[in-house]
Amino acid sequence: MGKSIFKQIIDGEIPCNKVYEDDEILAFRDINPQAPTHILVIPKKEIPSMKDIGDEDIELIGRLLRVAGKIAEQEGISETGYRAVFNCGRDAGMEIPHLHLHLIGGRAMTWPPG
Ligand code: AMP
């Protein structure tokens, strides 16, 4: 299997609208936004899904959540609220097998999700 789209973005082979980057984490705007703010926050390490998070990744995932929270503040959606979603597997509509957090906000949302 070839590189996933997100791995190609991490490696600079596909451009992205970058919001944040450090040694371990990259955040960029979703190409097909579902709300005024729709940002994907991903670990640079290739972790396919939540079941693949190892003991050695726990600090990384904690940092990823913290980064997502900071981005929400920067985007001005922290007060109004937002969703932070990991789609995992077929029933959730996961398309890209590289763990990613959808940070979605800027409009009111309904529950349960579709
Ligand atoms: P998921 O369905 O959870 O796997 O989400 C994959 C997300 O990646 C979708 O919301 C897509 O719109 C988004 N996406 C796919 N290709 C790109 C790309 N090149 N740049 C930014 N977002 C992308």
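Of note:
- For the chain, the mean residue ellipticity at 222 nm estimated from helices alone is -6500 deg cm²/dmol, where every DSSP H run of n ≥ 4 contributes -39500 (n - 2.57) and the total is divided by all residues, rounded to the nearest 500.
- Over region 5-105, relative contact order from alpha-carbon pairs under 8 Å, at least 6 apart, %: 31 percent
- In a fully extended conformation the segment linking N32 and I53 would gain 4.9 nm over its present Cα-Cα distance, using 0.36 nm per residue.
- Backbone phi angles across region 103-114, fed through the Karplus curve with coefficients 6.51, -1.76 and 1.60 (θ = phi - 60°), yield HN-Hα couplings of 9, 10, x, x, 8, 6, 10, 9, 9, x, x, x Hz in residue order; Gly and Pro are listed as x.
- Of the chymotrypsin sites (Phe, Trp or Tyr not before Pro) found in region 1-104, the ones in coil according to DSSP and having at most 16 other Cβ atoms within 10 Å of their Cβ are F86.
- Overall form of region 32-114 per C-alpha gyration tensor (a/c, 1.5; a/b vs b/c): oblate
- Cα-projected label distance for R63 with A108, points at 7 Å along beta-carbon direction, nm: 3.9 nm
- A Förster radius of 25 Å combined with the Cβ-Cβ distance from I14 to A92 puts the calculated FRET efficiency at roughly 0.60.
- Cβ-based net charge around H38, under 15 Å, with every Lys or Arg adding one and every Asp or Glu removing one: +1
- Rounded to the nearest whole Hz, the Karplus-based 3J(HN,Hα) values (6.51 cos²θ - 1.76 cosθ + 1.60, θ = phi - 60°) of region 81-93 follow the sequence x, 6, 9, 10, 10, 10, 7, 10, x, 4, 5, 8, x, with x at glycine and proline.
All of the numbers you see were taken from the coordinates with simple rules; none came from a lab. None of these values were measured; they are calculated from a predicted model. Cβ sites come from the backbone with ideal geometry, for glycine too, and all protein chains shown count toward neighbours.
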